[in-house]
Amino acid sequence: MKAAVFHAAHDIRVESVTDPAGAGPGEVLVRPYWCGICGTDLHEYAMGPIVIPSTPHPLTGASAPQILGHEFSGEVLEVGAGVSNVAVGDRVSVMPLLSCGTCYYCRRALNHLCQRMGCIGLSFAWGGIAELAVVPATHVSVLPETVSDLQGALVEPGAVAAYGVDTANVRPGDTVLITGAGPIGALAALYSSSLGANVFISEVNPFRAELARGLDVGTVLDPTEVDVPAFLKDATEGIGVDAVIECSGNERALQAAIASVRSAGRISQTGLHTKAASIDPMVLSEHDITLAGTWCYPVTDWPRIIDLIARGRYPVEKVVTAQVGMDDVVSGFETLLSPRGDQVKVLINAR
């Protein structure tokens, strides 16, 4: 079968690999439909291997070369012994996080913090940018007719964004700042709006700002032209926003988040910082501000996110700016790394 395989930094090859032997006990064989390119994938392509193991992974035994893809939908072709939650022909979305089930965090239902965590498409035998993949049956959720194949591939980033917003305790009527309108920021804006929040989005890239305006969920601000904290204080009678979802992983954006939030407000650090960021912790103390990090999402969140999409409350497809075939996967990566920054979310058609 054909698959997109990571070998090293700037070395992804669409090549022929051995077909899976079939679905074993507790497994399903899936034909991937759509698979998103994630920021983690981009880091691997640009500077990896980082998450992709060079030696056998302690949970899965996988190591590079690695079939990529952890944001994907597909069709179930075969179910293994003991599988009853899905059937052949079902369309599904795959939850990619793999956990041991026995460590300190797994025993406390914090499987996304598993001490030996693996991930389909990053540290597992199979991935979603391939013609076939075998995954645990426990990790697939059936898509209702009202959710498209493409939307099914966006459940994973949709869950990341939703967890960031939920961590900030956003409620109906809240005023929320989203810093950064990349894929997660755009999805966080959509999710915040679905909760009934009044949304502001800060984005410097003109292409991403234009996409954010097209979401029609709030006000888009250019931090190079507007003093964002001052603007938001004026817009909230000098109080500040109730919550900030920091999605850029940028030091200045984090500083703006702290300056923009009200006393006793909450900041969710959802974007990943690749280097240290300087803040003034005294401001957090003086204003009783909560700054919370997020990592991935609760592994049980797939049915809820799928239901929101199915009912039209979470139109995740709006963040997609390009769709390419598997043979063009490298161009998809290069486009997202381009200094022009004229794409937000690229999906690969694995069929």
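Tabulated data
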{"quantity": "Pair list, Cβ under 9 Å, 6 or more apart: the stretch 205-230 residue aromatic (Phe, Trp, Tyr), other residue open to solvent by less than 30 Å² (accessible area, probe 1.4 Å)", "calculated": "PHE207/GLY341; PHE207/VAL344"}
{"quantity": "Close pairs from the stretch 243-255: first on the phi < 0 side of the Ramachandran plot and aliphatic (A, V, I, L, M), partner assigned to a loop (DSSP other than H, G, I, E, B) and open to solvent by 50 Å² or more (accessible area, probe 1.4 Å), Cβ under 7 Å, at least 6 apart", "calculated": "ALA243/ASN169; LEU254/ILE279"}
{"quantity": "Qualifying residue in the stretch 104-124 (condition: in contact (Cβ under 8 Å) with a residue 24 or more places away in the chain, assigned to a strand (DSSP E or B), charged (D, E, K, R) and surrounded by 15 or more Cβ atoms within 10 Å (Cβ to Cβ))", "calculated": "no"}
{"quantity": "Within the stretch 166-214, considering residues that are closer than 20 Å to GLU251 by Cβ and among the charged types (D, E, K, R), the one least open to solvent (accessible area, probe 1.4 Å)", "calculated": "GLU203"}
{"quantity": "Subset tally (residues that are assigned to a loop (DSSP other than H, G, I, E, B), farther than 16 Å from ALA350 by Cα and of a type in the set (A, V, I, L, M, F, W, C)) for the stretch 2-20", "calculated": "1"}
{"quantity": "Residues satisfying the stated conditions in the stretch 226-243, i.e. open to solvent by 40 Å² or more (accessible area, probe 1.4 Å), acidic (Asp, Glu) and not in a helix (DSSP H, G or I)", "calculated": "ASP227, GLU237"}
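The values are calculated or read from the model by the stated rules, or taken from the named source; none is laboratory data. Note that the coordinates shown come from a computational prediction; the quantities given were computed from them, not determined experimentally. So basically every Cβ, Gly included, is an ideal-geometry build from the backbone, and we count neighbours across all protein chains shown. With ligands, DNA and RNA removed, areas are computed over all heavy atoms of the protein, side chains included. Shrake-Rupley method; radii C 1.70, N 1.55, O 1.52, S 1.80 Å.
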